[in-house]
Amino acid sequence: MKGSLFLVVGIMAMSCQSREDLEEKKIPRVLIIGNSITYHPPDASIGWNANWGMAASRPDLDYVSVLTDLLRNKHPLVEVKRENVYPFERGYDDFSFSTYAYLRDFRPDFLIVRLGENVDEEKLGEDAFKKALQDFVMYLSEGRKVDIIVTTTFWQNAPVSQQLIAAGAESGWRIVHLSYLGQDDQYMAIGQFENDAASRHPNDLGMREIATLIWEALNHK
């Protein structure tokens, strides 16, 4: 009887240890959805010949790469996926979420929403974008418990940022304020591109600031 008790206790201990090991070995998945600041393919028409977040000078200096490095210091095997969801920004009022089924299937543990600059203010409505964004996030998370961060726009855009903030406040997402960066030339690639739109994107310093602010939010419970 005594031996049986030790056996049961031993099995329970091994079972608990196995669960702990599995939890420790779980590789976190981070999904980042955004626009050209997150990723932009080469476009000669605007003088952008790179293949990463506009307008970082190197691929390892855009905010996604900087943030990934910060994450890997803590979780060396972290999986990070980025996607430019410009079509959602422009057509959120009549958009098929299934277009991004592959992002849903990634099953992220963390979702970073870093967009809004391409939303058309003329059709913004009182809370149309807010509701569409909440529905989009629900689709991507499949109702699972996902840690979500939403940022304001990089360039000052109060109507859009208000809906981003409202979406986060109502849904319990963490909110990161970025708009002050886009009001300061030191954070933009001014003079580095002939195209004004490209040159107003965040430079290396701006990208690092975006990554740092998101990183701080990820670590603030």
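Quick grid of which residues meet (1) modelled with pLDDT of 95 or more; (2) of a type in the set (D, E, K, R); (3) over 25 Å from LEU140 (Cβ atoms):
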site	(1), (2), (3)
GLY3	no, no, yes
ARG29	yes, yes, no
HIS40	yes, no, no
ASP62	yes, yes, no
LYS81	yes, yes, no
ASP93	no, yes, no
SER98	yes, no, no
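What's the total number of residues in segment 104-147 that are within 22 Å of TYR180 (Cβ to Cβ) and part of a strand (DSSP E or B)?
3
List, please: which pairs have Cβ atoms under 7 Å, are six or more places apart or on different chains, and start with a residue in segment 95-110 that is at positive phi and end with one that is surrounded by 15 or more Cβ atoms within 10 Å (Cβ to Cβ) and modelled with pLDDT of 95 or more?
ARG107/ARG29
Quick check on this structure: which one of LEU178, LEU213 is part of a loop (DSSP other than H, G, I, E, B) and either in contact with a strand residue (DSSP E or B) (Cβ under 6 Å, 6 or more places away or on another chain) or surrounded by 20 or more Cβ atoms within 10 Å (Cβ to Cβ) (or both)?
Just a single option satisfies the conditions, and that option is LEU178.
Any residue in segment 198-221 that's free of Cβ contacts under 8 Å to residues at least 24 places away in the same chain and more than 13 Å from HIS177 (Cβ to Cβ): show its pairings with residues that are among the aromatic types (Phe, Trp, Tyr) and assigned to a helix (DSSP H, G or I) at Cβ separation under 7 Å, as long as the two are six or more apart or on different chains.
Partner pairs satisfying both residue conditions: LEU205/TYR187.
Among the residues in segment 143-155, are any within 13 Å of the chain's Cα centre (by Cα), under 27 Å from ASN73 (Cβ atoms) and among the hydroxyl-bearing types (Ser, Thr, Tyr)?
The answer is yes, given that some residue of segment 143-155 is within 13 Å of the chain's Cα centre (by Cα), under 27 Å from ASN73 (Cβ atoms) and among the hydroxyl-bearing types (Ser, Thr, Tyr).
Please specify each residue of segment 194-210 satisfying the condition of being touching a strand residue (DSSP E or B) at 6+ places or on another chain (Cβ under 7 Å) and assigned to a loop (DSSP other than H, G, I, E, B).
Residues satisfying the conditions are ARG200, HIS201, ASN203.
Among the candidates LEU124, LEU181, LEU213, LEU164, which residue alone is of a type in the set (A, V, I, L, M) and modelled with pLDDT under 95?
Step by step, each of LEU124, LEU181, LEU213, LEU164 is checked, and only LEU124 is of a type in the set (A, V, I, L, M) and modelled with pLDDT under 95.
For segment 37-59, check the following and say yes or no: at least one residue is under 29 Å from PHE129 (Cβ atoms), among the polar types (S, T, N, Q) and buried (at least 19 other Cβ atoms within 10 Å of the Cβ).
Checking segment 37-59: at least one residue is under 29 Å from PHE129 (Cβ atoms), among the polar types (S, T, N, Q) and buried (at least 19 other Cβ atoms within 10 Å of the Cβ).
Pairs under 6 Å by beta carbon, first residue within 16 Å of ILE32 (Cβ to Cβ) in segment 150-163, partner of a type in the set (Ser, Thr, Tyr), six or more apart or different chains?
THR152/SER161; THR152/SER179; THR153/SER161; THR153/SER179
With respect to GLN186, determine if the residue is part of a helix (DSSP H, G or I) and buried (at least 21 other Cβ atoms within 10 Å of the Cβ).
Answer is no for this residue.
The values are calculated or read from the model by the stated rules, or taken from the named source; none is laboratory data. None of the values given here were measured: they were computed from a predicted structure. Glycine gets a Cβ as well: all are built from the backbone with ideal geometry, and neighbour counts include every protein chain shown.
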